[in-house]
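Before any comments, here is the structure.
None of the figures in this text is laboratory data; all of them are computed from the coordinates on show. Keep in mind that what you see is a predicted model, and the values were worked out from it rather than measured. Here the Cβ positions follow ideal geometry from the backbone for every residue, glycine too, while neighbour counts run over all protein chains shown.
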Amino acid sequence: MTISARFPRYRVHLLPLALVAILATTAIPIELRPAVWWDGGFDSADFAENLLLYAPLGVALWGRRPSTVFLVAMALSGAIELLQMWQVARYSSPYDVAANACGALIGALAWNRLAPGTALRADMPLLGRRWLGAAVAVVVGLSLVWSLPVRSSALRDWNPDFALLLGNELTLDRPWAGTIGALALLPRALSAAETSVLRGGSSSIDSAIGGEALYALAQPVVLTAGEPRRLPDSVAREFAVASVRANAFTVVARITPANDFQEGPARIVSFSVDPFHRNFDLGQEGRKLVLRIRTPVSGENGTEFPIESEPVLEAGREILLLASYDGGIARIEADGALIGRRNLAATGCAVPALCDEYLPAAWALLGAALAIISLAVVGCRARLPILLVCLLGGVLALILPRALPFVAASIALQSWSQWTALLGAAAIGLAASPALRR
């Protein structure tokens with residue numbers, strides 16, 4: 001007796017699935033940033049991916065005029081591309097809009113060619129041996145990706161005997177010239193409220209963080225590309241121990257670079273013994289800022305996955321700089337704007353993209369897969385029970401990662417994205433309808 005004979009069969013209408021696939025893949029942000037306008041570059045692989053992404057939408061709209069399909073896809077893609085101006089790791093592009101619209105048109109025309117008239121509808125059997133097997137494979141695959149022990153992003157290898165330096169290395173070969181008007185070192189990540197106060201710029205660094213810095217400069221320091229300013233060794237040791245314990249740290253500073261040609265990167269703050277052995281450093285590379293953090297995944301010098309900012313530095317202009325690490329994600333902010341980000345925890349995953357930029361899509365896929373499995377187990381004959389059973393599958397998706405023996409740090413840090421599992425489950429519930437037994 002086959003699976004499809006034991007359980008009711010369903011018909012799935014493609015439109016809800018096509019829309020949710022597009023939204024989960026392109027419209028749900030992993031993090032926000034200041035707006036970045038159109039990206040004029042052309043990438044052939046990205047163009048092809050966008051064609052494929054919108055082709056199911058064209059199939060779902062197969063009965064409409066080709067011009068209607070094209071305009072609907074263009075409007076949807078254009079709106080999403082505008083939203084991507086504020087999304088980390090995404091860049092709006094007119095080529096994406098063109099590819100999306102063309103992909104939907106190609107899908108509609110191809111389906112019209114394959115299904116002339118109304119003999120073959122744009123839907124297909126959902127529940128059966130193949131679909132159920134694919135759903136189980138998705139659940140197992142994502143569980144493995146998110147739970148396989150891989151390289152850690154923890155601050156466990158820091159050396160407390162390294163020196164905390166301002167303006168250069170001990171070897172004097174990474175000089176930085178400029179003024180550090182204020183500096184605070186915290187062995188923890190800032191709260192949302194503290195970050196918000198700092199972004200507002202209406203208070204001093206010390207008052208914004210409640211006077212809880214492990215170290216704060218007593219007065220501005222002018223650095224002239226010579227000897228570094230060395231902080232007390234007791235501070236360096238305490239900062240290293242406390243940061244490792246918290247698995248996080250934050251550097252807040254007001255800096256004014258003397259020029260925007262400094263390279264190396266030229267060390268603004270360095271926790272190191274020489275240019276090749278560091279716990280972390282924050283430096284200037286031209287008009288950009290570079291943050292390197294020592295973790296097992298980024299290497300003992302942090303050079304495998306450096307965090308590089310947008311070009312924001314200008315000679316003689318003061319900026320409020322915030323460089324932080326929360327145990328998984330490193331960020332650089334300048335005057336309240338996120339200008340650099342890297343998910344170090346995700347780089348240690350078996351499939352890094354599924355632990356960061358495509359994490360919402362992965363959650364939606366997990367919710368959809370568990371919805372399919374739930375329908376197979378329960379079996380429903382009415383639309384409302386189908387939707388409720390699918391949402392139950394979405395709830396199971398929220399619970400599943402907590403039951404895994406290991407969970408990638410990236411998944412735990414970005415827990416908000418798990419709610420897209422309900423979106424994927426709801427898509428199956430809205431798409432599926434009972435079909436007569438054969």
Inset, instruction - Could you grab the relative contact order for the chain? Cα pairs under 8 Å, six or more apart, rounded to a whole percent. - result: 19 percent
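With n ≥ 4 as the cut-off for DSSP H runs, can you work out [θ] at 222 nm for the chain, using -39500 (n - 2.57) per run divided by the number of residues, rounded to the nearest 500?
The helix contribution divided over the chain gives -12500 deg cm²/dmol.
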Inset, instruction - Sort Arg245, Arg64 so that the residue with the fewest other Cβ atoms within 10 Å of its own Cβ comes first and the one with the most comes last. - result: Arg245, Arg64
Legend entry - Thr68, Thr347 arranged by Cβ crowding within 10 Å, fewest neighbours leading: Thr68, Thr347
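How big is Rg to Rh over the range 257-371, alpha-carbon atoms, Rh as the Kirkwood inverse-mean-distance radius? Show your work: numbers first, answer last.
Working: Rg = 16.6 Å, Rh = 15.4 Å.
With Rg and the Kirkwood Rh in hand, the quotient comes to 1.08.
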Legend entry - Volume in Å³ per residue [convex hull over Cα atoms, computed for the chain]: 155 Å³
Inset, instruction - For the range 163-347, state the average projected area of the convex hull of the C-alpha atoms over all orientations, rounded to one decimal in nm². - result: 9.1 nm²
Inset, instruction - Please report Rg over Rh for the range 287-337, where both radii come from the alpha carbon positions and Rh follows the Kirkwood definition. - result: 1.02
Inset, instruction - Assign one of three labels to the range 178-220, namely rounded, prolate or oblate, based on the Cα gyration tensor with a ≥ b ≥ c the square roots of its eigenvalues; rounded applies when a/c is under 1.5, prolate when it is not and a/b is larger than b/c, and oblate otherwise. - result: oblate
Legend entry - More than 17 Å apart - percent of Cα-Cα pairs taken over the range 132-231: 70 percent
